[in-house]
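Encoded as C-alpha cells, the structure appears first; notes follow it.
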Amino acid sequence: MSDATDAEFPRESDERGRWVRQESPFRNRVTADGSSGFPAAAGRYHLYVSWACPWAHRTILFRRFEGLEEAIGMTVVDPIRDEKGWRFREGEDHGKDEVEGFNFLAEAYAATDPAFDGRVTVPVLWDTDRKTIVNNESAEIIRMLNVEFDEWANPEAPDFYPEELREEIDAVNDRVYRHVNDGVYQTGFATTQAAYDEAFDALFEALDWLDARLEGARWLVGNRQTEADWRLFTTLIRFDTVYHTHFKCNLRRIVDYPSLWPYLRDLYQQPGVAATVNFDHIKRHYYGTHRTLNPKGIVPKGPALDLDAAHDRASLGPAGAVAGSSALGAFGR
C-alpha cells in the first residue's frame, strides 16, 4: 500500500503508489463554422502556457507552425509553480497577464467553474469574449490549431493530422502517451517500488520500440511529419535534462539511442523549433517545483547537449513538413 502523503500530488496517486493523471475538465472546441458555440476568430482566443511544460509546449509549436501568432495571443506563466499554482509575474521570458489581469491561472479556472477543485494545469485556451476556458487538453487544442483557424493560418502550413494517416497516428499516439509522455511522470511520481518498476520498464520498452521504428524511417508515420512526431518531441527534448535524473528514468539517455538521438536533433533543427525550447524554464520548473523529489530545490547545471550537431537523417525521407514555410522562416535558426 502507498502512503499518499509521500506523493507530489496526493490526489493523483492510487493505493498502489501509481501516478494517475487527472482528466482535463474543460473540453469544448473552437470550430471554423461556429457550430460548437465557439466560432474561430482572430483576436478572440488566447493561450496561457508555460515554456517548461511539455503539454503546453505542443500548443506553442502548433501556434507557430500554423502562423497564428497574430490571430491567437499567448501569455507565459512563471516557471516556478508554488502552493498557489501557476502565477503571472513579470520576468525574463514570461510576463503579467495583460488580457484579463489574472495574477494566478487558478483565477481563469474559478471564472469558468467556481466549484473546480482539481490541479490547475497548462495549456489553457481562453475565450476573451465569453470569459471562459474553452479547453485545457493539449491533444485537442493542437488539432483545433491544425485546422479550425485556416482562415488566418499560413497557407503553406501542412496538415499534421491527414485523414489517410489518422488511424496509424492515433495508434502511435496512444502508445507514446501511455508509456512515454505520461510514462515519465508515472515513473517519477511513483511512491512504491512496484509502481516505479512497472512504469520504468514500460517506458524503456516503448523507447526501444520507437528507436527501432525510426531506424529506417525519418518520421514516425507515413514518411512525413505528423502530430505524432511533435507529441513525442516535447518529451524527448526534456528527457536527458530532467526526466533521466529528476524522475529516475536512468536506464538510458536519449543520446544513447542510435535513432532517437539524431531524430530528436532533426526535429529540433526544423525552422522555428529551437526558439520554443527554453531549458532555463524547464530546469527551474522541474527541479525547483517538485520539492518531494528535490527538497533543496537545487538546479543542476548540466547536461551539455549538442542539439545542433548534424543528424544525417535526410536520406531516410523527405525534408520536414514545416521546412519550406515562409511564415516559419522568420523564426529560423
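The residue of region 3-21 that is surrounded by the most Cβ atoms within 10 Å (Cβ to Cβ), among those that are touching a helix residue (DSSP H, G or I) at 6+ places or on another chain (Cβ under 9 Å) and small (Gly, Ala, Ser), is 13. Within region 59-91, work out how many residues are among the acidic types (Asp, Glu) and surrounded by 24 or more Cβ atoms within 10 Å (Cβ to Cβ). Of the residues in region 59-91, 1 are among the acidic types (Asp, Glu) and surrounded by 24 or more Cβ atoms within 10 Å (Cβ to Cβ). I'm trying to understand the selection: among the residues of region 22-40, which are more than 30 Å from residue 92 (Cα to Cα) and surrounded by 14 or more Cβ atoms within 10 Å (Cβ to Cβ)? 25, 28, 29, 30, 31, 32, 36, 38, 39, 40, listed by residue number.
Quick one: which of 132, 128 is surrounded by fewer than 21 Cβ atoms within 10 Å (Cβ to Cβ) and in contact with a helix residue (DSSP H, G or I) (Cβ under 7 Å, 6 or more places away or on another chain)? Walk me through it before giving the result.
On the way: 128 fails: in contact with a helix residue (DSSP H, G or I) (Cβ under 7 Å, 6 or more places away or on another chain).
Answer to the check: 132.
Just one of the listed residues (265, 253) is under 24 Å from residue 220 (Cβ atoms) and touching a helix residue (DSSP H, G or I) at 6+ places or on another chain (Cβ under 9 Å), and it is 253. Of the residues making up region 236-251, those that are among the charged types (D, E, K, R) and touching a Leu at 6+ places or on another chain (Cβ under 7 Å) number 1. Of all residues in region 293-315, those that are in the same structural domain as residue 257 (by TED's automatic domain parsing) have Cβ atoms under 8 Å from Cβ atoms of residues that are among the aromatic types (Phe, Trp, Tyr) and in a loop (DSSP other than H, G, I, E, B), 6 or more apart or on another chain, in 293/247.
Residues of region 190-202 being farther than 8 Å from residue 18 by Cα and either in the same structural domain as residue 55 (by TED's automatic domain parsing) or of a type outside the set (Phe, Trp, Tyr) (or both), which ones?
First pass over region 190-202, keeping only residues farther than 8 Å from residue 18 by Cα: 193-194, 197-202.
The answer is 193, 194, 197, 198, 199, 201, 202.
Every condition in (1) of a type in the set (A, V, I, L, M); (2) part of a loop (DSSP other than H, G, I, E, B); (3) over 14 Å from residue 51 (Cβ atoms) holds for residue 122 except the one numbered (3). Considering only residues in region 77-111 that are in contact with a helix residue (DSSP H, G or I) (Cβ under 8 Å, 6 or more places away or on another chain) and not in a loop (DSSP other than H, G, I, E, B), the one that is nearest to residue 131 (Cα to Cα) turns out to be 85. Among helices (runs of 4 or more DSSP H) entirely within region 213-304, having at least 3 residues that are at pLDDT 95 or above and under 23 Å from residue 175 (Cα atoms) singles out 227-238, 260-268. Identification of helices (runs of 4 or more DSSP H) wholly contained in region 134-189 with 1 or more residues that are in contact (Cβ under 8 Å) with a residue 24 or more places away in the chain, in contact with a Lys or Arg (Cβ under 9 Å, 6 or more places away or on another chain) and assigned by TED's automatic domain parsing to the domain that holds residue 71 yields 138-147.
Just a yes or no: is a residue in region 163-175 farther than 30 Å from residue 15 by Cβ, crowded, with 18+ Cβ neighbours inside 10 Å and out of contact with any helix residue (DSSP H, G or I) (no Cβ under 6 Å at 6 or more places or on another chain)?
Quick first cut of region 163-175, residues farther than 30 Å from residue 15 by Cβ only: 163-172.
Next, from what is left, pick out any that are crowded, with 18+ Cβ neighbours inside 10 Å: 165, 169, 172.
Filter again for out of contact with any helix residue (DSSP H, G or I) (no Cβ under 6 Å at 6 or more places or on another chain), leaving 165.
Scanning region 163-175, I find at least one residue that is farther than 30 Å from residue 15 by Cβ, crowded, with 18+ Cβ neighbours inside 10 Å and out of contact with any helix residue (DSSP H, G or I) (no Cβ under 6 Å at 6 or more places or on another chain), so the answer is yes.
Pairing residues of region 262-278 that are in the same structural domain as residue 52 (by TED's automatic domain parsing) and on the phi < 0 side of the Ramachandran plot with residues that are in a loop (DSSP other than H, G, I, E, B) and modelled with pLDDT of 95 or more, at Cβ distances under 8 Å and at least 6 apart in sequence or on separate chains, gives no pairs at all. Restricting region 158-196 to residues that are within 20 Å of the chain's Cα centre (by Cα) and among the aliphatic types (A, V, I, L, M), the residue that is farthest from residue 225 (Cα to Cα) is 184.
The values are calculated or read from the model by the stated rules, or taken from the named source; none is laboratory data. In this text the structure is predicted, and so the values were computed from the model without any measurement. All Cβ positions, glycine included, derive from the backbone under ideal geometry; neighbour counts span all protein chains shown.
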